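> Supplied in structure tokens, the structure appears directly below.
The values are calculated or read from the model by the stated rules, or taken from the named source; none is laboratory data. These numbers were taken from a predicted model, which means no experiment stands behind them. Glycine also receives a Cβ, built like all others from the backbone with ideal geometry; neighbour counts cover every protein chain displayed.
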Amino acid sequence: MGDEFHMEISIPTDDDGYVLLRCSHCGTYFKATPSDVKDDSILELFCPSCGLTSDNYITDDILELAIAMGQNNAMDSINDQFKKMETQFRKGPVTFKTGRKPEHEPESPIRSGIEALEAATFPCCNRIAKVKPILKMTGCYCPFCGVKNFELE
């Protein structure tokens with residue numbers, strides 16, 4: 001049995017190609033394009049609402065799916081090991097019987113969610129992100145450089 005486990009989770013984009021992100025400090029949702037998030041020239045992402053950076057912007061849906069997938073994989077690995085032990089100890093003074101296979105946790109698909117966000121152009125970085133309409137009207141922090149923008153297009 002290998003000690004390593006690899007899984008990939010595909011995060012869907014909305015119709016315009018933006019992924020949903022969530023600030024771990026204030027809980028505000030916003031959207032950016034995957035290319036902007038992965039861009040090497042952007043050192044950190046900033047929350048448009050509070051202006052703070054976060055270690056991750058993972059939404060609850062993604063986290064729940066990752067936990068369910070990890071639990072299902074772990075239970076399958078344990079069950080496989082028990083089956084090997086069952087065949088190994090079939091004859092002899094000690095016998096081992098594997099029970100029924102454990103049921104999997106449901107792996108709910110991720111939805112792009114929250115469509116009430118509006119595209120805002122940030123002239124400081126010449127990039128676009130989707131933010132709450134109230135943030136667009138009152139001004140918000142640029143998710144790419146952290147500058148407070150009061151007049152968004």
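> Residues to consider are E118, E103; find the one that is modelled with pLDDT of 80 or more and within 20 Å of V37 (Cβ to Cβ).
E118
> Residue check: is T28 β-branched (V, I, T) and in contact (Cβ under 8 Å) with a residue 60 or more places away in the chain?
The answer is yes for T28.
> Just for segment 18-53: of the residues that are in a loop (DSSP other than H, G, I, E, B) and modelled with pLDDT under 90, which one is surrounded by the fewest Cβ atoms within 10 Å (Cβ to Cβ)?
Restricting to residues being in a loop (DSSP other than H, G, I, E, B) and modelled with pLDDT under 90, the top hit is D40.
> Something else about it: Filter segment 126-143 for residues that are assigned to a loop (DSSP other than H, G, I, E, B) and free of Cβ contacts under 8 Å to residues at least 60 places away in the same chain; which is surrounded by the most Cβ atoms within 10 Å (Cβ to Cβ)?
For segment 126-143, the residue satisfying everything is G139.
> Still on this model: Which of the residues belonging to segment 57-85 are surrounded by 14 or more Cβ atoms within 10 Å (Cβ to Cβ) and in contact with a Phe, Trp or Tyr (Cβ under 7 Å, 6 or more places away or on another chain)?
Hit for segment 57-85 is N73, nothing else.
> Further, regarding this structure: Need pairs with beta-carbon distance below 6 Å; first residue at pLDDT 80 or above and surrounded by 10 or more Cβ atoms within 10 Å (Cβ to Cβ) and within segment 88-100, second assigned to a loop (DSSP other than H, G, I, E, B) and among the basic types (K, R); sequence gap 6+ or separate chains.
none
> Same structure, new question: Could you please let me know if L117 is closer than 20 Å to R22 by Cβ and either touching a Lys or Arg at 6+ places or on another chain (Cβ under 8 Å) or surrounded by fewer than 13 Cβ atoms within 10 Å (Cβ to Cβ) (or both)?
Here the answer is yes, as L117 does meet what is asked.
> Here's another thing I want to ask about it. In the list T121, T87, T95, which residue meets the criterion of being among the hydroxyl-bearing types (S, T, Y) and assigned to a loop (DSSP other than H, G, I, E, B)?
The conditions single out T95.
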